[in-house]
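Written out below as structure tokens is the structure these notes cover.
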Amino acid sequence: MHELSIVMEVVKQVDRLAKEHNVKEVKSITVEVGEVSGVVKDYFVDAFNWMRKKNELLKNAELNYITIEAISYCEDCKKTYPTTRYAKECPYCHSQKTYLVSGKDFMIKEIKVI
Ligand SMILES: [Zn+2]
């Protein structure tokens with residue numbers, strides 16, 4: 001499961017930060033996930049909850065999961081549009097010369113500690 005490895009990576013980073021700053025417990029973690037990043041929210045939340053039980057730092061941590069809309073840009077008419085609705089074809093001029101400008105990244109936005 002792809003989501004589990006991402007969660008494990010998040011936990012690893014939180015562990016490292018907690019050690020650096022002498023943190024005993026994490027209150028909440030906010031992640032921003034692109035719509036087309038390939039991460040499935042339900043799987044991610046399940047994986048997080050599973051990992052959380054085994055981790056002293058995270059046992060009471062809340063997960064804020066923010067979905068970032070996927071936006072594509074059209075090189076021909078210079079407009080942007082929502083990627084998931086129209087895929088590769090621009091809805092304005094029907095050009096295929098489009099590329100994704102946001103929505104494929106995953107990032108840890110904020111970690112709150114007690
Ligand atoms: Zn266009």
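The values are calculated or read from the model by the stated rules, or taken from the named source; none is laboratory data. Keep in mind that this is a model prediction, so the values were computed, not measured. Ideal geometry is used to build each Cβ from the backbone, glycine not excepted, and the neighbour counts take in all protein chains shown. We work out accessible area using only protein heavy atoms, side chains counted, and drop any ligands, DNA or RNA first. Shrake-Rupley method; radii C 1.70, N 1.55, O 1.52, S 1.80 Å.
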(request) Being open to solvent by less than 80 Å² (accessible area, probe 1.4 Å) and near the ligand (Cβ under 9 Å from one of its atoms) is the filter here, so list the residues in segment 87-114 that pass it. (result) E89, C90, P91, C93, S95, T98
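Just wondering, is there one or more residues in segment 38-45 that are open to solvent by 90 Å² or more (accessible area, probe 1.4 Å), part of a loop (DSSP other than H, G, I, E, B) and either closer than 30 Å to N22 by Cα or in contact with a helix residue (DSSP H, G or I) (Cβ under 9 Å, 6 or more places away or on another chain) (or both)? Break it down stepwise before answering.
Restricting attention to segment 38-45, the residues satisfying the condition of being open to solvent by 90 Å² or more (accessible area, probe 1.4 Å) are 41-43.
Those left that are additionally part of a loop (DSSP other than H, G, I, E, B): none.
No; the residues of segment 38-45 include none that is open to solvent by 90 Å² or more (accessible area, probe 1.4 Å), part of a loop (DSSP other than H, G, I, E, B) and either closer than 30 Å to N22 by Cα or in contact with a helix residue (DSSP H, G or I) (Cβ under 9 Å, 6 or more places away or on another chain) (or both).
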(message) Of everything in segment 9-37, what is closer than 25 Å to S102 by Cβ, assigned to a helix (DSSP H, G or I) and touching a helix residue (DSSP H, G or I) at 6+ places or on another chain (Cβ under 9 Å)? Give them in sequence order.
(response) V10
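Hey, among the residues in segment 62-114 that are aromatic (F, W, Y) and not in a loop (DSSP other than H, G, I, E, B), which one's nearest to the chain's Cα centre (by Cα)? Outline the logic, then answer.
Looking only at segment 62-114, we keep the residues that are aromatic (F, W, Y), and these are 65, 73, 81, 86, 92, 99, 106.
With not in a loop (DSSP other than H, G, I, E, B) added as a condition, the list becomes 65, 73, 81, 86, 99, 106.
Working: Y65: 7, Y73: 21, Y81: 20, Y86: 22, Y99: 20, F106: 4 Å.
For segment 62-114, the residue satisfying everything is F106.
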(request) Search segment 54-65 for residues that are more than 13 Å from K109 (Cα to Cα) and of a type in the set (D, E) and pair each with any residue that is outside any loop (DSSP other than H, G, I, E, B) and open to solvent by less than 40 Å² (accessible area, probe 1.4 Å) when their beta-carbon atoms are under 6 Å apart and the residues are at least 6 apart or on different chains. (result) E62/S28
(message) Every residue in segment 50-86 that is surrounded by 14 or more Cβ atoms within 10 Å (Cβ to Cβ) and either on the phi > 0 side of the Ramachandran plot or charged (D, E, K, R) (or both), please.
(response) R52, K79
(message) Of everything in segment 89-114, what is modelled with pLDDT under 95 and farther than 30 Å from S28 by Cα? Give them in sequence order.
(response) none
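Within the bounds of segment 23-34, is there any residue that is more than 16 Å from the ligand (Cβ to nearest atom) and among the hydroxyl-bearing types (S, T, Y)? Spell out the reasoning first.
Residues of segment 23-34 that are more than 16 Å from the ligand (Cβ to nearest atom), as a first pass: 23-34.
When the remaining residues are screened for being among the hydroxyl-bearing types (S, T, Y), the result is 28, 30.
There is at least one residue in segment 23-34 that is more than 16 Å from the ligand (Cβ to nearest atom) and among the hydroxyl-bearing types (S, T, Y).
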